[in-house]
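Presented below is the structure to which this report refers.
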Amino acid sequence: MTLTGITPILRIFDEKKAKQFYVEFLEFTLDWEHRFEPGMPLYMQISRDEIVLHLSEHYGDCSPGAALRIAVSGVEDLQKTLIGKHYPYARPGIERTPWETKECTVTDPFGNKLIFFE
């Protein structure tokens, strides 16, 4: 047996806000969307480089308020790019941690925290 990957599922409550945050602000690509029928909750996949995330409006898929640590090469460049976008709900900085990483933390509109670290 070999474990070959992981795809976190994050809870969302508003499709427009989710796309504004993940696609426009963080520059993930929208890979696909699924609804069982019109008016039903949205389930979608986004990706950027090697990172794949699922976002779900479905009750019970997951709880809001998750935290993900995402390894990145060039965390300071990422932070400068994000600041330059003038996203009205986040102005992330860089934190140097006691465990000797540089981290840029952003929280999505649903309380999920993404910690980009190097």
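Each value in this text was obtained by applying a stated rule to the coordinates, not by laboratory testing. Quantities reported herein were computed from a predicted structural model and do not represent experimental measurements. All Cβ positions, glycine included, derive from the backbone under ideal geometry; neighbour counts span all protein chains shown.
Between the helical axis of 75-84 and the dominant principal axis of the chain, each derived from Cα atoms, what acute angle in degrees is found, rounded to the nearest 10?
70
Can you pick out the pairs among Lys19/Lys102; Lys16/Lys80; Lys80/Lys102; Lys19/Lys85; Lys17/Lys102; Lys17/Lys113 whose Cα atoms lie more than 19 Å from each other?
Beyond 19 Å between Cα atoms: Lys19/Lys102; Lys16/Lys80; Lys17/Lys102.
Based on a Kirkwood Rh over C-alpha pairs, give the Stokes-Einstein translational diffusion coefficient of the stretch 46-96 at 25 °C and viscosity 0.890 mPa s in µm²/s.
The estimated diffusion coefficient comes to 181 µm²/s.
Which value at 222 nm does the chain reach when only helices count, each DSSP H run of 4 or more adding -39,500 (n - 2.57), with the total divided by all residues and rounded to the nearest 500 deg cm²/dmol?
It comes out at -3500 deg cm²/dmol, rounded to the nearest 500.
Only loop residues by DSSP count here, and only those with at most 16 other Cβ atoms within 10 Å; note down the chymotrypsin sites (Phe, Trp or Tyr not before Pro) in the stretch 25-100 that meet that.
Sparse-neighbourhood loop chymotrypsin sites (Phe, Trp or Tyr not before Pro): Phe36, Tyr59, Tyr89, Trp99.
Using a Gaussian network model of the chain whose springs link C-alpha atoms within less than 10 Å, name the residue from Asp108, Asp77, Asp31 with the highest mean-square fluctuation.
Highest fluctuation of the listed residues: Asp77.
On full extension of the chain, what length is gained from Asp61 through Lys102, given 0.36 nm per residue of separation minus the C-alpha to C-alpha distance?
Result for the pair: 11.6 nm of gain on full extension.
How high is the FRET efficiency from Val23 to Met1, r the C-beta distance, R0 41 Å, rounded to 0.05?
Computed FRET efficiency for Val23 and Met1: 0.70.
Only bridges with both residues in the chain count here: give the DSSP antiparallel percent, nearest 5.
70
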